[in-house]
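Here is the structure we will look at.
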Amino acid sequence: MSDDFRQARGVRPNINGRIGTGAAAAEDCSRPLHGPLSTYIPNVVVQTHNFRRALFYDDLLRGKLVLIHCVSVQDRNTWSAIETLADVQALLGDRLGRDVFIYSLATDAEHDTPQALRGLAEKYGAGDGWLFLTAEPAALELLRDRLFGPAGGHHYSMNLIRYGNVAAGLWGGILATANAESIAERLSWVETGKRQAGDLPQRKGPAPLY
Amino acid sequence: MIRRDFLKLGLAAGAAGLISPTPVAAQQNRMLEFLCSPDGLPPDLLTRPSPNSTPFLAPLRVPPVKQPLAVPLSPPPDPGAHQRYEEFAPKKFYEIREQEFLWQYHPEPPYNKGSWSWGFDGVTPGPTYHARYGEPIMVRMINDLPPVGSGKVGFAMPKTTTHLHNAHTAAESDGFPMDFIGPNEFWDHHYANFPSGNDPREKLTTLWYHDHMMDFTAPNVYAGLAGFYLLFDEQDSGNENDPNPLAFRLPSGKYDVPLILHDVLFDHDGQAVFNKLNTDGMLGDKYTLNRTIQPYFRVERRKYRFRILNGGPSRFYQLFLSSGALRDKLYPFIVITGDGNFMPRPVCAESIYLSVAQRVDVIIDFSQFKQGDQVFLQNRLEQTNGRGPSSRILEPGADMMRFDIMEARDADKSRIPDQLRDLPPVNMNEVKRRRVWAFDYRGGMWTVNGVPADPEMMRVDAAIDKDTAEIWTIRNEGKNWSHPIHSHFTEFLLLEVNGRKIKATEVQTAEPNDPRRNVYRDLARPIDRTAGATADFVCKSEPIRVFMGGNRRDITTLLPNDEIQIFMRWKDFEGHYVMHCHNVVHEDHAMMIRWDIVPPGKTRKPGDAEPSSSPKGRVRHPG
């Protein structure tokens with residue numbers, strides 16, 4: 001977020017890059033609760049590769065099916081997951097951008113600028129509904145802590161893709177090297193479903209051995 | 001194809017609008033209005049403790065015994081879907097439903113209005129199976145859970161696969177993580193109820209069933225999908241008045257009480273909270289026994305058998321039995337089993353250490369107390385995060401349950417035999433090969449030998465010849481975390497721990513202030529064969545300080561830097577199984593391998609592709 005933005009609030013960031021303090025800030029910041037884990041998943045300001053700003057939870061997550069993973073412009077090891085997600089994008093078709101969204105989360109605020117991320121997005125043909133996101137270092141760190149590992153715990157993951165149904169509060173994690181079909185199928189696991197009333201239970205298994 | 005259905009559904013739904021983060025200028029006011037980051041966000045959910053609850057207000061609930069069907073299963077099971085079905089033709093048939101319901105953890109507000117839970121047949125823990133060796137059964141597991149988004153337990157996955165923990169079960173009935181059923185689907189589980197290799201020394205006693213869904217075991221078990229499965233035979237006959245001279249005559253009936261321990265976190269509304277985004281582990285701040293917060297239990301002045309199970313998801317326990325305002329008077333447990341099996345002889349222990357999914361059966365003789373006395377079951381092991389316990393013992397510890405002592409109604413006919421069941425022998429001539437499994441962490445995922453589980457569970461990490469034994473080295477590469485490692489299908493025998501050979505007669509214990517807990521005490525005493533089963537066990541000498549397991553187990557408790565060598569044998573069935581960390585949050589973040597039992601001589605190398613005839617996620621069993 002910009003300096004003028006902070007000045008408008010009349011507060012200064014503390015050592016953690018946090019804005020505002022104590023009860024006064026909480027009062028200022030009060031917002032409607034939007035569902036499960038909405039107070040746990042940071043609603044930080046992020047910048048997209050399209051040079052727009054958004055609130056992470058309110059604008060990008062709320063009510064959606066999402067895939068979230070970590071990238072770095074300078075770490076080519078993270079690009080293989082982007083390549084896989086390009087295949088997932090193809091599988092999702094026009095659902096991507098409508099109710100399914102992919103977020104590639106920067107890990108290196110200094111180098112993962114919106115311009116640099118735009119380069120990655122164009123390289124892999126990211127369409128509507130697939131956003132590369134960056135933010136201030138403290139915000140990126142917080143997002144990684146909350147989505148990929150606990151505070152004080154291990155470092156964020158380049159190896160993990162989060163998949164979630166935000167409205168239901170149902171989240172899972174899949175290996176970043178999984179193939180595109182597996183990743184798309186995991187999204188189907190968490191998708192909101194509907195019970196067919198009156199149907200008798202159907203046999204799923206085990207299947208005949210021979 | 002699930003994926004195609006998924007895409008089709010999306011097209012049909014089509015209502016949601018395209019999000020487009022609005023340009024900065026247009027959104028500035030809105031951002032100002034709602035900017036609330038990162039202030040007010042707790043480092044973890046535990047910083048919002050559960051609502052208060054007065055201890056010992058609610059009685060302990062004992063799950064009902066599951067009853068078989070009086071009519072045949074409809075539609076009937078498919079004999080061609082099960083290995084050795086005709087040979088172990090089911091004698092009893094069961095139907096059980098996974099359901100969502102309100103469950104009262106505690107009688108005070110906000111808990112009194114109920115917490116949305118999952119369970120079986122409307123209860124959690126689910127009903128207890130009373131099974132017998134020599135009596136195969138068929139269990140039809142029906143998923144009656146609400147689909148995603150229509151239920152109240154949002155954090156759990158309504159696709160399920162039920163594992164009968166440590167049973168000697170054919171692969172197709174074992175609850176393989178990708179053998180899942182969705183709402184309104186069922187899966188038939190054939191439990192043949194015979195010991196491995198038909199060796200009576202391989203028998204088991206206290207088992208439990210729980211969900212094992214790929215990526216979602218932790219939230220699904222936490223939501224309530226667990227229950228007990230007890231296996232009886234002519235020795236452990238479930239009848240303390242059994243006239244059969246072979247019978248152990250352990251406390252039975254209402255004096256044989258299963259206890260599952262779960263630590264649960266609740267929100268201000270009394271609803272269970274689970275943080276799926278934490279990869280270290282999930283801790284709750286309310287101790288529940290059989291899903292009641294800190295219950296009391298009225299017991300008679302006589303012997304009881306308690307089957308104590310750490311149901312997880314991530315907490316380790318060290319249990320004590322104590323009394324007094326300061327809980328400073330301690331009473332030993334008489335431990336008769338470790339994990340699923342009887343030890344050769346009972347052990348007298350001042351405390352019991354249980355990593356996740358570990359079990360002990362203990363005898364507590366309440367005749368040592370007076371009517372009106374109160375005795376407390378406590379946990380004293382400190383644990384502040386999901387990675388594992390600290391080495392500290394907290395005093396006076398946390399009360400989990402209160403026993404209220406009453407006079408006995410009748411004479412206590414139950415016994416504690418001085419001899420229980422011999423261990424199966426280690427026979428090095430059976431060993432076909434050795435393998436090493438190193439447990440570690442990389443890039444947000446928990447790994448075994450450097451790799452997380454295959455997301456489709458198609459990679460076979462070990463192909464094991466049927467009717468052979470192997471020696472596995474289970475190693476913790478982590479200095480800061482603990483892993484209770486569980487391998488399905490067959491229990492193992494300890495050979496070596498951190499370079500020290502372990503004798504069959506040794507049990508694991510610890511000395512005061514010993515963070516390593518790698519002390520083994522040899523409890524060998526000459527067995528008086530002439531006395532047979534007529535001798536009674538009594539705690540004669542000083543109890544060991546802590547019982548951490550006998551020689552035969554199904555959980556390898558890896559504390560930081562541990563390396564444990566075990567002997568395992570595979571018999572009777574073929575197919576796909578798993579080994580995984582039973583800190584189920586670690587399991588869900590891929591700390592799991594697939595191993596297959598294959599026909600002798602047809603061993604595929606690790607990493608070899610599945611035979612092309614195999615359907616996805618399953619294994620066919622060539623004749």
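The values are calculated or read from the model by the stated rules, or taken from the named source; none is laboratory data. Because the structure is predicted, anything quoted here is derived from the model rather than measured. Cβ: placed from backbone, ideal geometry, glycine included. Neighbour counts: every protein chain shown.
Considering (1) closer than 20 Å to residue B:595 by Cβ; (2) crowded, with 24+ Cβ neighbours inside 10 Å, the lone condition that residue B:220 does not fulfil carries the number (1).
Which residues, taken from the range B:252-264, are more than 17 Å from residue B:210 (Cα to Cα) and either of a type in the set (S, T, N, Q) or within 19 Å of the chain's Cα centre (by Cα) (or both)? Once the filter is applied, which keeps residues that are more than 17 Å from residue B:210 (Cα to Cα) and either of a type in the set (S, T, N, Q) or within 19 Å of the chain's Cα centre (by Cα) (or both), the range B:252-264 yields B:252, B:256, B:257. Within the range B:319-356, the set of residues being outside any strand (DSSP E or B), surrounded by 24 or more Cβ atoms within 10 Å (Cβ to Cβ) and in contact with a Pro (Cβ under 9 Å, 6 or more places away or on another chain) comprises B:355, B:356. Just one of the listed residues (A:147, A:142) is at pLDDT 90 or above and either among the aliphatic types (A, V, I, L, M) or within 30 Å of residue B:482 (Cβ to Cβ) (or both), namely A:147. Taking the range B:40-70 as the range and being assigned to a loop (DSSP other than H, G, I, E, B), modelled with pLDDT of 95 or more and among the aliphatic types (A, V, I, L, M) as the test, the residues that pass are B:57, B:58, B:60, B:62, B:69, B:70.
Restricting the range B:125-154 to residues that are buried (at least 24 other Cβ atoms within 10 Å of the Cβ) and assigned to a loop (DSSP other than H, G, I, E, B) leaves a set whose member that is farthest from the other protein chains (Cβ to nearest Cβ) is B:125. In the set (1) touching a Ser or Thr at 6+ places or on another chain (Cβ under 7 Å); (2) more than 14 Å from chain A (Cβ to nearest Cβ); (3) surrounded by 23 or more Cβ atoms within 10 Å (Cβ to Cβ); (4) small (Gly, Ala, Ser), the condition left unmet by residue B:196 is number (3). Filtering the range B:256-279 to residues that are out of contact with any Gly (no Cβ under 9 Å at 6 or more places or on another chain), more than 14 Å from chain A (Cβ to nearest Cβ) and either surrounded by fewer than 22 Cβ atoms within 10 Å (Cβ to Cβ) or free of Cβ contacts under 8 Å to residues at least 40 places away in the same chain (or both) leaves only B:257.
Filtering the range A:36-59 to residues that are within 7 Å of chain B (Cβ to nearest Cβ), of a type in the set (A, V, I, L, M, F, W, C) and not in a loop (DSSP other than H, G, I, E, B) leaves A:45, A:54, A:55.
Note on the range A:169-190: residues that are touching a helix residue (DSSP H, G or I) at 6+ places or on another chain (Cβ under 9 Å) and more than 7 Å from every other protein chain (Cβ to nearest Cβ) total 5. With respect to residue A:75, determine if the residue is of a type in the set (Asp, Glu) and crowded, with 19+ Cβ neighbours inside 10 Å. It is false that residue A:75 is of a type in the set (Asp, Glu) and crowded, with 19+ Cβ neighbours inside 10 Å.
Take the conditions surrounded by fewer than 18 Cβ atoms within 10 Å (Cβ to Cβ), assigned to a loop (DSSP other than H, G, I, E, B) and of a type outside the set (Lys, Arg) and apply them to residue A:200. Does it pass?
Working: surrounded by fewer than 18 Cβ atoms within 10 Å (Cβ to Cβ): yes; assigned to a loop (DSSP other than H, G, I, E, B): yes; of a type outside the set (Lys, Arg): yes.
Taking the combined requirement at face value, the residue satisfies it.
When residue B:175 is tested against (1) within 29 Å of residue B:336 (Cα to Cα); (2) within 14 Å of chain A (Cβ to nearest Cβ); (3) part of a strand (DSSP E or B), exactly one condition is not met: (3).
For the range B:188-221, name all the residues that are assigned to a helix (DSSP H, G or I), small (Gly, Ala, Ser) and under 20 Å from residue B:235 (Cα atoms).
Our first condition is that a residue be assigned to a helix (DSSP H, G or I); within the range B:188-221, this holds for B:196-198, B:200-202, B:217-221.
Remaining after also requiring small (Gly, Ala, Ser): B:196-197, B:218.
Answer for the range B:188-221, where residues must be assigned to a helix (DSSP H, G or I), small (Gly, Ala, Ser) and under 20 Å from residue B:235 (Cα atoms): B:196, B:197.
Checking each residue of the range B:414-433 against the condition of being of a type in the set (Asp, Glu), assigned to a strand (DSSP E or B) and away from chain A (no Cβ under 14 Å) gives no match.
Picking from residues in the range A:80-116 that are within 14 Å of chain B (Cβ to nearest Cβ), under 17 Å from the mean Cα position of the chain (by Cα) and assigned to a helix (DSSP H, G or I), the one that is farthest from residue A:177 (Cα to Cα) is A:114. I want to confirm something. Restricting to the range A:159-168 and keeping residues that are closer than 16 Å to residue A:82 by Cβ and aliphatic (A, V, I, L, M), which single residue is nearest to the other protein chains (Cβ to nearest Cβ)? In this case the residue turns out to be A:160.
Residue check: residue A:130 meets all listed conditions (1) in contact (Cβ under 8 Å) with a residue 12 or more places away in the chain; (2) more than 7 Å from chain B (Cβ to nearest Cβ); (3) closer than 30 Å to residue B:180 by Cα but one, namely (3). The single condition among (1) facing another protein chain (nearest Cβ under 7 Å); (2) free of Cβ contacts under 8 Å to residues at least 24 places away in the same chain; (3) within 21 Å of residue A:160 (Cβ to Cβ) that residue A:76 does not satisfy is (1).
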